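One structure is given here, and the rest of the page talks about it.
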Amino acid sequence: MEADVHYVGISGGTLPVAQFDLGYGVWMHQTYAHFMSPCLMAFAPAEDGMPHPGPWRAAKGGFSFDITIELHITEGEKPGGFSNTDTASWLMALLRLGHAPYLTAPVTIDMPFSQAAHSEITPIIAPLEVQDRHFFRSDERPEELSIVELEWLKDAWELSADLARTSPSFQTAVLACDSCRVRTRSSNRC
């Protein structure tokens with residue numbers, strides 16, 4: 001994740017409320033954006049400073065995500081002394097390990113998603129978690145996270161982040177379990 005992450009798009013779940021305060025200047029908001037990346041192929045080299053010449057052909061594959069939750073991380077001290085990037089990674093790991101293994105954070109953006117479409121300033125949008133995953137909901141619809149699950153996250157992230165700071169092996173174990181969701185990083189390859 002980028003060092004100055006402030007907004008992270010989450011796919012695979014929805015919120016039961018318009019926004020939820022996780023404390024320490026971290027909020028989850030309902031939003032919508034469709035993030036997509038089709039695969040294209042060109043068949044001739046590009047000249048310096050120019051695009052590849054045609055013909056271009058669509059290739060099988062690519063990816064897309066419906067962003068339905070915006071994680072907003074403001075500046076300020078966070079549990080565990082985490083940076084904004086660490087905070088986003090930790091919150092996503094806890095959500096996936098505790099409740100919803102199919103959630104993913106495919107993109108970061110430097111402004112709220114709701115403002116990006118009409119902003120005079122071009123938003124900086126960066127892919128984040130776009131690798132193939134092991135876990136998907138069978139009906140492909142996002143599941144609503146409950147208030148109970150959100151309250152659990154609010155309580156768990158402060159305590160667990162402080163434990164991660166004092167016990168690097170705990171932090172490594174949590175992040176290793178979380179990273180095994182990615183198909184190219186399965187635990188049997190360690």
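The values are calculated or read from the model by the stated rules, or taken from the named source; none is laboratory data. Quick caveat, the model's predicted, so the values are computed rather than measured. Cβ coordinates were reconstructed from backbone atoms using ideal geometry, including for glycine residues, and neighbour counts include every protein chain displayed. The protein model used for the area step is the full one, side chains on, heavy atoms only, and it has no ligands, DNA or RNA in it. Shrake-Rupley method; radii C 1.70, N 1.55, O 1.52, S 1.80 Å.
Which peptide among 79-91, 20-32 comes first, and what is the full order, when sorted by highest mean count of other Cβ atoms within 10 Å? Walk me through the numbers before you get to the answer.
Details: 79-91: 20.5, 20-32: 17.0.
Per-residue Cβ counts within 10 Å, averaged per peptide and sorted highest first, yield 79-91, 20-32.
Pick out, from H118, A18, V148, the residue whose Cα sits farthest towards the positive end of the charge dipole of the chain, with +1 on the Cβ of Lys and Arg and -1 on the Cβ of Asp and Glu.
The residue sitting farthest along the positive end of the dipole is V148.
About the Cα centre, and with charges only on the beta carbon of Lys, Arg (+1) and Asp, Glu (-1), how big is the dipole of the chain? Nearest 20 debye, please. Intermediate values should be presented prior to the final figure.
Details: 13 positive and 24 negative charges, 181 e Å.
The calculation lands at about 860 debye.
Looking at T166, Y102, L71, which one has the Cα that reaches farthest to the positive end of the dipole of the chain (charges on Cβ: Lys, Arg +1; Asp, Glu -1)?
Y102
So what is the calculated 222 nm ellipticity per residue for the chain, using -39500 (n - 2.57) for each DSSP H run with n of 4 or more, over all residues, to the nearest 500 deg cm²/dmol? Let's see the in-between values first.
Values: 4 runs with 51 residues, N = 190.
It lands at -8500 deg cm²/dmol.
Normalising by the residue count of the chain, find the relative contact order in percent from Cα pairs under 8 Å and 6+ residues apart. Mind dumping the intermediate values first?
Details: 320 pairs, mean separation 53.1, N = 190.
Relative contact order for the chain comes out at 28 percent.
For a quick check: with amide H placed at 1.01 Å from N, whose amide H comes under 5 Å from G25's, ignoring anything fewer than 5 positions away on the same chain?
Here the answer is none, since no amide H 5 or more places off falls under 5 Å of that of G25.
Got a number for the accessible area of L128? Probe 1.4 Å, square angstrom, nearest 10.
40 Å²
If you roll a 1.4 Å probe over the heavy atoms of the protein chains, what accessible area per residue do you get for the range 51-140, in Å²?
On the way: 4820 Å² over 90 residues.
The answer is 54 Å² per residue.
Which value, in Å² and to the nearest 10, is the accessible area of M36 when all protein chains are kept and the probe is 1.4 Å?
Here the accessible area works out near 120 Å².
If the viscosity is 0.692 mPa s and the temperature 37 °C, what translational diffusion coefficient in µm²/s does Stokes-Einstein give for the chain when Rh comes from Kirkwood over Cα pairs?
Values: Rh = 18.1 Å.
The calculation lands on 182 µm²/s.
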